[in-house]
1. Evaluate the following for VAL245: is it more than 14 Å from the ligand (Cβ to nearest atom) and β-branched (Val, Ile, Thr)?
2. Quick one: how many residues across the range 213-268 are without any contact (Cβ under 8 Å) to a residue 40 or more places away in the chain and open to solvent by less than 40 Å² (accessible area, probe 1.4 Å)?
3. Would you mind finding the one in LEU165, LEU140 that is in a strand (DSSP E or B) and surrounded by fewer than 22 Cβ atoms within 10 Å (Cβ to Cβ)?
4. Taking the stated definitions as given, is PRO230 away from the ligand (no atom under 16 Å from the Cβ) and either at pLDDT 95 or above or in contact with an Asp or Glu (Cβ under 8 Å, 6 or more places away or on another chain) (or both)?
5. With respect to VAL186, is the statement that it is within 15 Å of the ligand (Cβ to nearest atom), surrounded by fewer than 20 Cβ atoms within 10 Å (Cβ to Cβ) and assigned to a strand (DSSP E or B) true?
6. Could you grab me the full set of residues in the range 56-76 that are crowded, with 18+ Cβ neighbours inside 10 Å and closer than 18 Å to GLY123 by Cβ?
7. Residues being open to solvent by 50 Å² or more (accessible area, probe 1.4 Å) and more than 18 Å from VAL143 (Cα to Cα): count how many of those fall in the range 2-20.
8. Out of curiosity, is ALA281 modelled with pLDDT under 95 and either surrounded by 17 or more Cβ atoms within 10 Å (Cβ to Cβ) or among the aliphatic types (A, V, I, L, M) (or both)?
Amino acid sequence: MAKANAYGIRSVELAVRDLEATKAFYEAQWGLREVARENGSVFMRATGKDHHVLTIHQAPRAKLMSIDLGAKSSAEVDALHAQAVALGAAVLEAPRELAAIAGGGYGFALQSPEGQKVTISAGVAVHADHEQDASKPERLSHVVLNAAKYDEQIAFFRDVLGFRLADTTDFMDFLRCCEDHHSVAVARSEGASLNHMAYELPNVEGLMRGSGRMKQSGFDIGWGVGRHGPGDNVFAYFIEPNGFVTEYTTGMEQVENDSYEWHGPEYWATAFTRPCRWGMAMTMAPGFRDAMKGKIVEERNARCEEVIAKGLQNGLKGAAE
Ligand SMILES: [Fe+2]
């Protein structure tokens, strides 16, 4: 039986501490737009056809909630579900009509070995219009996960979801499921967290204008502007208000399904000795590596909890006096 495979990454879901402030950031600075609001969640679209590329939910702690992958058809959704069951993956819900969820479609959900929810769906609504502003994201490009159970995460995406290994460097495996060189990457790390999410802009001019808008709004570039080795994509990385790392990217290498040749750490260490093909983005801003490890999100979560606990204490004290 042919292996079933996911086809493309569509959106990410984040829990955020301040829904309205986060929404305002993603609209005014990042360039997305609210497209639906349901049960306290805001769904945001980019300029392209995908119904939404980001969903945000109000919660006490910011964290990655799920990654939403596409499938080519309902039959492929069913095949992926059967494959997941056969391989003993943690299936959270069987395939069903998603009429109650913004964008609809038909899909199911499962859990990665490190506990992230992954949803797979087909037939989700698409937009016919396309805003012509190259400084705004067109779609979600890829997501990079930090993983401690590194080999299990790779096996999950490869065996259960049908991804192919594109390339491997000293610290990261790049996984592809469509023409993009990678839609997911897994970074060797101490624990599970979101390393970063990346949004595709149409061209370098747009990426520079979008990055300028971010800088003018007080969001400095954490790493970039540069051009990656694996994937050959141009990048500019930022830290958004919750502490998540988010990337503007453009020009991801497009690969034919069976023709792309995997290269390992030795190749990448010798072919590209610098962290940026251009020699431009040689270092990250101070603290930025910690942000990519998910530490800034945790620090900001802890700070908020401290403020809330102090407020509660003061309130109790006031009530007792
Ligand atoms: Fe990236």
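The values are calculated or read from the model by the stated rules, or taken from the named source; none is laboratory data. This one's a predicted model, so the numbers in the text were calculated from it and none came from an experiment. Positions of Cβ are backbone-derived with ideal geometry, glycine not excepted, and every protein chain shown enters the neighbour counts. To get the accessible areas, we keep the full protein, side chains included, count just its heavy atoms, and leave off ligands, DNA and RNA. Shrake-Rupley method; radii C 1.70, N 1.55, O 1.52, S 1.80 Å.
1. In short, no.
2. 3
3. LEU165
4. no
5. Spelling it out, it is not the case that VAL186 is within 15 Å of the ligand (Cβ to nearest atom), surrounded by fewer than 20 Cβ atoms within 10 Å (Cβ to Cβ) and assigned to a strand (DSSP E or B).
6. Matches in the range 56-76: ASP68, LEU69, GLY70, ALA71, GLU76.
7. 4
8. Details: modelled with pLDDT under 95: yes; either surrounded by 17 or more Cβ atoms within 10 Å (Cβ to Cβ) or among the aliphatic types (A, V, I, L, M) (or both): yes.
Yes; evaluated as a whole, the condition is true for this residue.
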